[in-house]
Amino acid sequence: MHAPHFIGIGGAGMSGLAKILTVRGAKVSGSDSKESETVLALRELGAAVQVGHAAENVPDGASSIVVSSAIRADNPELAAARDRGIPVVHRSDALAALMGGRRALAVAGTHGKTTTTSMLAVSLATLGLDPSYAIGGDLDAPGSNAHHGTGEIFVAEADESDRSFHKYAPEVAIILNVELDHHANYASLDEIHDSFETFVRRIQPGGTLVVSADHPGARELTARVVGREDLSVVTVGAAEDATVRVLSVVPRGMTSEVTVELEGAELSFVVSVPGRHYAHNAVAALAAGIALGVPAEELAEALGSYTGVRRRLQLKGEAAGVQVIDTYAHHPTEMAADLEAIREVAQGRVLVLFQPHLFSRTQQLSEEMGRALALADASVVLDIYPAREDPIPGVTSELIIAAARAAGADVTAEHEFAAAPALLAGMAKPGDLVLTMGAGDVTNLGPAILKELGREEQGR
């Protein structure tokens, strides 16, 4: 890894690894499909990044080629590396190597990984422990998704989508929930459980598993692994049998006050983001930090310093009396949870601009997505963001729209991406809240909606 070349270096996971390696002194190069703030941030650190994919982008001195599962086999840089005999390293193997020699804490689960990893990174840094971390999203500025710290702890987001989290051997692992997702790689929920069970077996002897006591899939997983003698299992949640039990979550505007029962005593702290699910993520982070030896009271207070991560109910701005918030939610469970959280703080109507993510996910979960959108006052649904997938015949956003209407939702289709901001601005009234939702480029439309709202206000 002394001179790695990253194909798709601007991606959320890849850019973090490239940053850490650059800071550690590696001669990092890479390519991405387009310019971005992330690419610019990597260049400022010293990485050599090209835009576009071409065989000549691979430097003569490249010691390895780092790829993610999103890189296709016919990528010209990957083909050139194989022709030249340059070792090809999966992103997960690179991350596992970076965690070597550190006290690793890996955060897994179908939802909430990025938020919980971020909560740990921020709170441990607040306590002066200077952890290294690799997160699937930016904390604030581009490039803030990773850090090479001087401390002994390394906090990493562990991705189950392609089973790459089987490469890690953490001292402490968090599993927030277990649901069927990533349908291109998993045929059934049972396969998902098998995959998470493999991940649990990778926890170091004498290590700790922090797992939800509330989520049905997580409880089933716990039943499968609880007998392992060299593993401590700490359950967290509102369930009466939870090791760390959530007694209450009290909304206070854009924050929540959380009270937990821990070893027979009550402990209260503030979570500076709205929503019960984010409060439960914080409790999982608390339990994991305690497992690493961080004092509970100090960590609970430090968790209050976390104020969110980009694309997780991130306020983009306000214009004409309308707030615009962006969320990465793309699975029905995430969508419903974020809409319920927003309901607690919204003064007027909640309007959603939703962009479905992946054809395979839409094919399997369109009914559930439609029911989630029914929690909004009105929704606009864009065409599916394909990401790494090819189209599936008959699978379009119309499946979600039909399900939403069947659930009683007020929903509109918009097939022209550039036309969506004006449509949302025309729908919104002072006091309303607009939520841009999805894992694709819908995030880019928040500022455009604010601009359209400003124009409409000036025209009144």
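Overview of values
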| item | result |
| --- | --- |
| Tabulated pairs, region 407-419, first under 17 Å from Ala378 (Cα atoms) and touching a residue at least 24 places away in the same chain (Cβ under 8 Å), second open to solvent by 70 Å² or more (accessible area, probe 1.4 Å) and in a helix (DSSP H, G or I), C-beta under 8 angstrom, 6+ apart or interchain | Ala407/Arg371; Val411/Arg405; Ala413/Glu398 |
| Region 416-460: number of residues that are among the charged types (D, E, K, R), in a helix (DSSP H, G or I) and open to solvent by less than 70 Å² (accessible area, probe 1.4 Å) | 3 |
| Contacts under 7 angstrom Cβ, first residue in region 128-142 being over 15 Å from Gly13 (Cβ atoms) and modelled with pLDDT of 80 or more, partner among the polar types (S, T, N, Q) and open to solvent by 20 Å² or more (accessible area, probe 1.4 Å), 6 or more apart | Asp130/Thr150 |
| Options Leu358, Leu365, Leu339, Leu353; residue that is under 16 Å from the mean Cα position of the chain (by Cα) and touching a residue at least 24 places away in the same chain (Cβ under 8 Å) | Leu358 |
| Unique residue being small (Gly, Ala, Ser), under 27 Å from Ala374 (Cβ atoms), open to solvent by less than 30 Å² (accessible area, probe 1.4 Å) and in contact with a strand residue (DSSP E or B) (Cβ under 9 Å, 6 or more places away or on another chain) when the list is Ala282, Ala346 | Ala346 |
| Residue within region 82-93 that is crowded, with 23+ Cβ neighbours inside 10 Å, touching a strand residue (DSSP E or B) at 6+ places or on another chain (Cβ under 9 Å) and farther than 27 Å from Gly293 by Cα present | yes |
| Residue satisfying condition, being open to solvent by 30 Å² or more (accessible area, probe 1.4 Å), closer than 20 Å to Gly275 by Cβ and among the hydrophobic types (A, V, I, L, M, F, W, C), within set Leu353, Leu315 | Leu315 |
| Only one of Ser248, Ser256 that is hydroxyl-bearing (Ser, Thr, Tyr), touching a Gly at 6+ places or on another chain (Cβ under 9 Å) and open to solvent by less than 50 Å² (accessible area, probe 1.4 Å) | Ser256 |
| Criterion violated by Thr38 - all others in (1) open to solvent by 60 Å² or more (accessible area, probe 1.4 Å); (2) in contact (Cβ under 8 Å) with a residue 24 or more places away in the chain satisfied | (1) |
| Single residue of region 388-406 satisfying the filter (in contact with a helix residue (DSSP H, G or I) (Cβ under 9 Å, 6 or more places away or on another chain) and touching a residue at least 40 places away in the same chain (Cβ under 8 Å)) that is surrounded by the fewest Cβ atoms within 10 Å (Cβ to Cβ) | Glu389 |
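The values are calculated or read from the model by the stated rules, or taken from the named source; none is laboratory data. Source: prediction; values computed, not measured. Using ideal geometry, Cβ is built from the backbone for each residue, glycine included, and neighbour counts are taken over all protein chains shown. With ligands, DNA and RNA removed, areas are computed over all heavy atoms of the protein, side chains included. Shrake-Rupley method; radii C 1.70, N 1.55, O 1.52, S 1.80 Å.
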